[in-house]
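Here is the structure we will look at, set down as structure tokens.
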């Protein structure tokens, strides 16, 4: 089974991202993830039994407090991905890195530079074959400013099932 570990962006900020992605798709045909608004903790991976991951995250969440971050301004990875910038607090970065250390001890979880401790925290707006419309799309989203104060307060595991991501389990930080 294929899984991904993310932190879902909730409330006004999550609604903003979900609505913007829908609008960009309707206006430009630019697709994005089938996940709700989120930043990725561990990119998709395969495993037969998720129990060890569940227990590791559950234990982690019982011992750690939520942390603040801000969503403000857009950025991009070349002309392939447009995203909302996550300005993670020091507490949030430490929280994230401690979680990576715990998950990295699980045999079948392997972090690459783009999804390990030094990742670029981001919430994707559009990422599927946008090269041909990149300039127009970039100009469009930059006319829609935003700033949200958020909490890194959840860790969610999604599984790929029936051609979409379905929530396996959500864990909440203290």
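Only the coordinates and a few stated rules stand behind these numbers; no lab work does. Fair warning: this is a prediction, and the values are worked out from it, not measured in the lab. Note that each Cβ is placed from the backbone with ideal geometry, even for glycine, and that neighbours are counted across all protein chains shown.
Against the definition (surrounded by 14 or more Cβ atoms within 10 Å (Cβ to Cβ), in contact with a helix residue (DSSP H, G or I) (Cβ under 8 Å, 6 or more places away or on another chain) and not in a strand (DSSP E or B)), how does residue 117 come out, yes or no?
Considered against the rule, which asks whether it is surrounded by 14 or more Cβ atoms within 10 Å (Cβ to Cβ), in contact with a helix residue (DSSP H, G or I) (Cβ under 8 Å, 6 or more places away or on another chain) and not in a strand (DSSP E or B), residue 117 comes out as yes.
Residues in segment 31-49 that are surrounded by 15 or more Cβ atoms within 10 Å (Cβ to Cβ) and over 17 Å from the mean Cα position of the chain (by Cα): how many?
1
Among the residues of segment 145-167, is there at least one that is under 15 Å from the mean Cα position of the chain (by Cα) and without any contact (Cβ under 8 Å) to a residue 12 or more places away in the chain?
We begin by selecting, within segment 145-167, every residue under 15 Å from the mean Cα position of the chain (by Cα); these are 150-159, 165-167.
When the remaining residues are screened for being without any contact (Cβ under 8 Å) to a residue 12 or more places away in the chain, the result is 166-167.
Yes, some residue in segment 145-167 is under 15 Å from the mean Cα position of the chain (by Cα) and without any contact (Cβ under 8 Å) to a residue 12 or more places away in the chain.
Going through segment 95-109 one residue at a time, which ones are assigned to a loop (DSSP other than H, G, I, E, B) and either surrounded by fewer than 13 Cβ atoms within 10 Å (Cβ to Cβ) or in contact with a strand residue (DSSP E or B) (Cβ under 9 Å, 6 or more places away or on another chain) (or both)?
Passing the criteria: 105, 107, 108, 109.
Given the options 97, 104, 78, 54, name the one that is in contact with a helix residue (DSSP H, G or I) (Cβ under 9 Å, 6 or more places away or on another chain) and either closer than 28 Å to residue 163 by Cα or in contact (Cβ under 8 Å) with a residue 12 or more places away in the chain (or both).
The conditions single out 78.
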